[in-house]
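A short worksheet on the structure shown next.
The values are calculated or read from the model by the stated rules, or taken from the named source; none is laboratory data. Treat the numbers as computed from the prediction; the structure is a model and nothing was measured. Heads up, the Cβs are rebuilt from the backbone with ideal geometry, glycines too, and the neighbour counts pull from every protein chain shown. Surface areas here come from the heavy atoms of the whole protein model, side chains and all, with no ligands, DNA or RNA. Shrake-Rupley method; radii C 1.70, N 1.55, O 1.52, S 1.80 Å.
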Amino acid sequence: MKNIYKILIAFIGVLIVSCNADDVDNRPIVDAVATSEITSPATGKEFVLDVNKPAEEATKFEWSAAEYSKDVVVEYTLLIDKKGGDFTAAKTLATTKNVTNVSVLVRELNQVAIELGGKPEEVSSFDIKVKSTVSGGVPQISKTLISINVTPYTGKVTYDFTDWYLIGAAVEGGWDNNTDTKHQPMYRDGKNANLYKFTGFFKAGNFKLISEKGSWDSQLGNAGGDAIEIKNNAGEFTIPADGYYTFQFNTTTLKYTLVDYNATAAVTHSTVGIIGSSTSKGWDASTAMVKSSFSAHVWSLGVTSLNDGELKFRANDAWDVSWGGNTPFSGGGTGDNIPVAKSKYVIYFNDLDGSYSLIPNQD
C-alpha cells in the first residue's frame, strides 16, 4: 500500500512540473524594441510658477510611443529628477496608459520642484525622462532627457495631521457634507496630536464627525458607553438639549467625554482678528475674522496667505484681550506668538478657551 501511495505522489508531481513547463512555454514573450523620447517641451524651457494660478496648466509634455514586439498596453511614467541626478530618487510627474501626452498643473510641477530641493523664488534646473512598462515589467527609459528650469513658489508645508469636522443636526452645517458647507473642525491639542476638543454651542440632536469635507469614507462616532469608533457608518452622539458643551476625544485610547459648559459669564466680542508678522498687515493692524452665526464664540477666516513669521488673535482691534500659543497649526491657551510657515491657510478660532486651528496647503 505504501508503494502505491509513493507512485501516486510521484505521478502527481510529474503532472505539476509538466503543467508549469507548458505554461512557461505558452506564455507570450514581449521584447522591448524602442524607447519613448520626449518631443515637447523643448529642452531648456523656463517655468516661473504663479502662486495665484495653481490649477492652471504649467505645460503639456509629449513623447514618442515606446515600441514592443507585440501589441500590448503600455504604461508611461513621466519622471523628474534634479539636474544631473541618476533618477534613482526621481519623482513621478504623471502616469498614462497608451497615451503619449499629459498636462501638468502649476501646483503639481511646483510641488515636485520643492520636493527635489528647489528653493522658492529661486530658479533650479531639473531633468525629465519617460519610462515605459508592460504589466509592470519590460521597462524602457528614454535614452535622452530634457532639462527645464523652474522657479517655484512656497508649496505645501509638512502637515501630517488629521482634521475632524463636526457634522449633524446638532452642529453648524447640518448633515450636508458638501465641501462648501461650513463645518466646525475639532481643535487638535498642539502637543498631543491624538487629543481633540471643542467647546461651543450645540443644538438638541445627533452628530458625528468626518475627516474629509465632502466625503463619508472616514467617520468618527459613538461606539457605546464612553467609546468612539472610526469606520464607515460610525454611531452618532446625542445632545439632549440646546446649550454649551465641551466635547473631547482621544484617537489612541478611543474614549470621549461630553459635558455641560457654563457660558453665562463668557464675554461676547464684537470683532476678533489675526495680527502678526506672518499676516499681510504685520503687527500694525488686525485682519478681521468672521463670527459664526451658529455659535457666538467661534470665528473663522477663509483661504488666507500667510508668510513665515508669527501671529496672535485679538479682540476689538486692541491689545486688551488677546490669545496665542506656542505650537504651529493648532493649540492655544498661552500668550505666546504662534509660529507660522508660509502657505495658504483656513483659520479657525474659539474665544471661549483660545483654541486655534490653522489648516495649511489650501489652493
Stokes-Einstein D for the range 52-135 (4 °C, 1.567 mPa s, Kirkwood Rh from Cα pairs), in µm²/s, comes to 93
For the range 80-171, what % of the accessible area comes from carbon and sulfur atoms, probe 1.4 Å?
-> 47
Distance between the range 220-255 and the range 143-159 - C-alpha centres, whole angstrom = 43
The range 142-273 - percent relative contact order, Cα under 8 Å, separation 6 or more = 20
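Return the Rg/Rh value of the range 121-269, two decimal places, where both radii are evaluated on C-alpha atoms and Rh is the Kirkwood radius.
1.22
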In degrees between 0 and 90, to the nearest 10, how far off the longest principal axis of the chain does helix 106-115 point, with axes built from Cα atoms?
-> 80
Using Cα centres only, tell me the gap between the range 73-128 and the range 304-323 in whole Å.
-> 38
Summing -39500 (n - 2.57) over every DSSP H run of at least 4 residues in the chain and dividing by its residue count gives a helix-only mean residue ellipticity at 222 nm, to the nearest 500 deg cm²/dmol, of -3000 deg cm²/dmol
Using the Cα gyration tensor of the range 141-183, with a ≥ b ≥ c the square roots of its eigenvalues, what is the shape: rounded (a/c below 1.5), prolate (a/b larger than b/c) or oblate (neither)?
-> prolate
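How much of the DSSP bridge set in the chain is antiparallel, in percent, rounded to the nearest 5?
Values: 90 of 93 bridges.
DSSP beta bridges in the chain are roughly 95 percent antiparallel.
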Residue 254 versus residue 193: modelled label distance in nm, points set 7 Å from Cα along the beta carbon direction | 2.1
Neighbours of residue 96 by Cβ distance under 13 Å: Lys/Arg at +1, Asp/Glu at -1, summed charge +1
The local net charge around residue 278, scoring Lys/Arg +1 and Asp/Glu -1 for residues other than residue 278 whose Cβ lies under 9 Å from its Cβ, equals -1
Residues with amide H under 5 Å of residue 261's amide H, sequence separation 5 or more or different chain, H placed in the peptide plane at 1.01 Å from N; which?
-> 244, 245, 246
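Over the range 217-363, what relative contact order in percent results from Cα pairs under 8 Å that are six or more residues apart?
Numbers: 323 pairs, mean separation 23.1, N = 147.
The normalised contact order for the range 217-363 reaches 16 percent.
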Positive-end residue of 321, 136, 155, charge dipole of the chain with Cβ unit charges = 136
Note on the chain: alpha-carbon gyration tensor, axes a ≥ b ≥ c; rule is a/c under 1.5 for rounded, else prolate if a/b larger than b/c, else oblate; result oblate
Using the structure shown, list the pairs from 70/143; 53/191; 255/312; 208/255; 208/342 with a Cα-Cα distance above 26 Å, or answer none.
-> 53/191; 255/312; 208/342
At 1.4 Å probe size, with no ligands or nucleic acids counted, give the accessible surface of residue 107 in Å², nearest ten.
-> 90
Around residue 45, which amide H atoms from residues at least 5 apart in sequence, or from another chain, sit under 5 Å from its own amide H, with H modelled in the peptide plane?
-> 149
Positive-pole candidate from 305, 264, 240, dipole of the range 225-343, charges at beta carbon | 305
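About the Cα centre of the range 258-363, how large is the charge dipole given +1 on each Lys and Arg Cβ and -1 on each Asp and Glu Cβ? Please answer in debye to the nearest 20.
Roughly 220 debye, rounded to the nearest 20.
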For the range 24-139 the mean separation of alpha carbon contacts under 8 Å (6+ apart) over residue count, i.e. relative contact order in percent, is 32
For residue 39 the rounded accessible area (nearest 10 Å², probe 1.4 Å, non-protein molecules ignored) is 100
Magnitude of the charge dipole, the chain, Cβ model with Lys/Arg +1 and Asp/Glu -1, debye to 20 | 500
Bounding extents of the range 191-313 in its principal axis frame from Cα atoms, largest first in Å, are 50, 33, 27
Can you pull a Stokes-Einstein diffusion coefficient for the range 242-312 at 20 °C (1.002 mPa s), Rh from Kirkwood over Cα pairs, as a whole number of µm²/s?
-> 143
For the range 246-363: rounded, prolate or oblate by the Cα gyration tensor [a/c cutoff 1.5] | oblate
Could you tell me how many degrees, from 0 to 90 and to the nearest 10, lie between the Cα long axis of helix 2-26 and the main elongation axis, the longest principal axis, of the Cα atoms of the chain?
-> 80
